[in-house]
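Just below is one structure, and these are the notes that go with it.
The values are calculated or read from the model by the stated rules, or taken from the named source; none is laboratory data. In this text the structure is predicted, and so the values were computed from the model without any measurement. FYI the Cβ positions are ideal-geometry reconstructions off the backbone, even for glycines, and counts take in every protein chain you see.
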Amino acid sequence: MPWGPFVIEWVHILLGIFWFGRALYANLILAPAMMQLGPSVRRELFTAMAGRAPVIMVWAGYLTVTAGFVRGTVFGRIQSVDVLFGTRYGVVWLAAFGVGVFLALWSHLVLRPAALKMIAMPAPGAMPPGAMPARPDPIPRIVEMVGFFVLFTFMIVLKFS
């Protein structure tokens, strides 16, 4: 068994699970729960998590994409531009790579600033009577989840191509 492809595949899959799992947990459990807390508790919780978590999450994304690139080019079928643009596998791989790069940048440049804004929003019960409660914009999180499901689908298509 060649160790290079094995290690790269292992790293790619492990980091991909970690990265996608973080997105599922953050979007479906953590963010809705945090919005039920008051701003001071939310800020305290976010501050406690903000030390290492953002750095780890950003690097999980970038390293997943890098491992996928190495897996597809150095140890995979993408050995020429003809394969990249002239085969179904190459086109799907390129699309998957593009979505992966987009998601890594999206997490870093869009979702992190959105999370920082969420800290200062008032809790639902803390609003004055008649005031509209502030809610985080759901679009960035929806874009992330759709992107991950598209990427996951591309990974399955590649595995069976």
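Considering only the stretch 27-59, state which residues are touching a helix residue (DSSP H, G or I) at 6+ places or on another chain (Cβ under 8 Å), assigned to a helix (DSSP H, G or I) and not basic (Lys, Arg).
Correct list: Asn27, Ala31, Met34, Pro39, Leu45, Phe46, Pro54, Met57, Val58.
Could you figure out which of (1) surrounded by fewer than 12 Cβ atoms within 10 Å (Cβ to Cβ); (2) modelled with pLDDT of 90 or more isn't true of Tyr62?
Condition not satisfied by Tyr62: (1).
Listed here are the residues, each with its yes/no results for (1) closer than 20 Å to Pro138 by Cα; (2) out of contact with any Lys or Arg (no Cβ under 8 Å at 6 or more places or on another chain).
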| site | (1), (2) |
| --- | --- |
| Phe20 | yes, yes |
| Ile29 | yes, yes |
| Gln36 | yes, yes |
| Pro54 | yes, no |
| Thr66 | no, yes |
| Val74 | no, yes |
| Phe85 | no, yes |
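Looking at the stretch 71-103, which of its residues are closer than 17 Å to Trp3 by Cα, surrounded by fewer than 18 Cβ atoms within 10 Å (Cβ to Cβ) and in contact (Cβ under 8 Å) with a residue 40 or more places away in the chain?
Once the filter is applied, which keeps residues that are closer than 17 Å to Trp3 by Cα, surrounded by fewer than 18 Cβ atoms within 10 Å (Cβ to Cβ) and in contact (Cβ under 8 Å) with a residue 40 or more places away in the chain, the stretch 71-103 yields Val74, Phe75.
Among the numbered criteria (1) surrounded by fewer than 16 Cβ atoms within 10 Å (Cβ to Cβ); (2) over 18 Å from Met155 (Cβ atoms), which one does Met34 miss?
Condition not satisfied by Met34: (1).
Checking Tyr62 against (1) in a helix (DSSP H, G or I); (2) free of Cβ contacts under 8 Å to residues at least 40 places away in the same chain, which test does it fail?
(2)
How about the stretch 6-41: which of its residues are of a type in the set (A, V, I, L, M), in contact (Cβ under 8 Å) with a residue 24 or more places away in the chain and under 12 Å from Ala67 (Cβ atoms)?
Across the stretch 6-41, the qualifying residues are Ile8, Val11, Leu15.
Taking Ala114 as the residue in question, decide whether it is at pLDDT 85 or above, surrounded by 14 or more Cβ atoms within 10 Å (Cβ to Cβ) and in a helix (DSSP H, G or I).
Considered against the rule, which asks whether it is at pLDDT 85 or above, surrounded by 14 or more Cβ atoms within 10 Å (Cβ to Cβ) and in a helix (DSSP H, G or I), Ala114 comes out as no.
Test each condition in (1) at pLDDT 90 or above; (2) among the hydrophobic types (A, V, I, L, M, F, W, C); (3) crowded, with 17+ Cβ neighbours inside 10 Å for Met57 and report the one that comes out false.
(1)
Looking for something modelled with pLDDT of 75 or more, assigned to a loop (DSSP other than H, G, I, E, B) and over 30 Å from Lys159 (Cβ atoms) - is there at least one such residue anywhere in the stretch 119-137?
Scanning the stretch 119-137 turns up at least one residue that is modelled with pLDDT of 75 or more, assigned to a loop (DSSP other than H, G, I, E, B) and over 30 Å from Lys159 (Cβ atoms).
Looking only at residues that are surrounded by 12 or more Cβ atoms within 10 Å (Cβ to Cβ) and either over 23 Å from Val110 (Cα atoms) or not aliphatic (A, V, I, L, M) (or both) in the stretch 150-160, which one is nearest to the chain's Cα centre (by Cα)?
The extreme case among them is Phe152.
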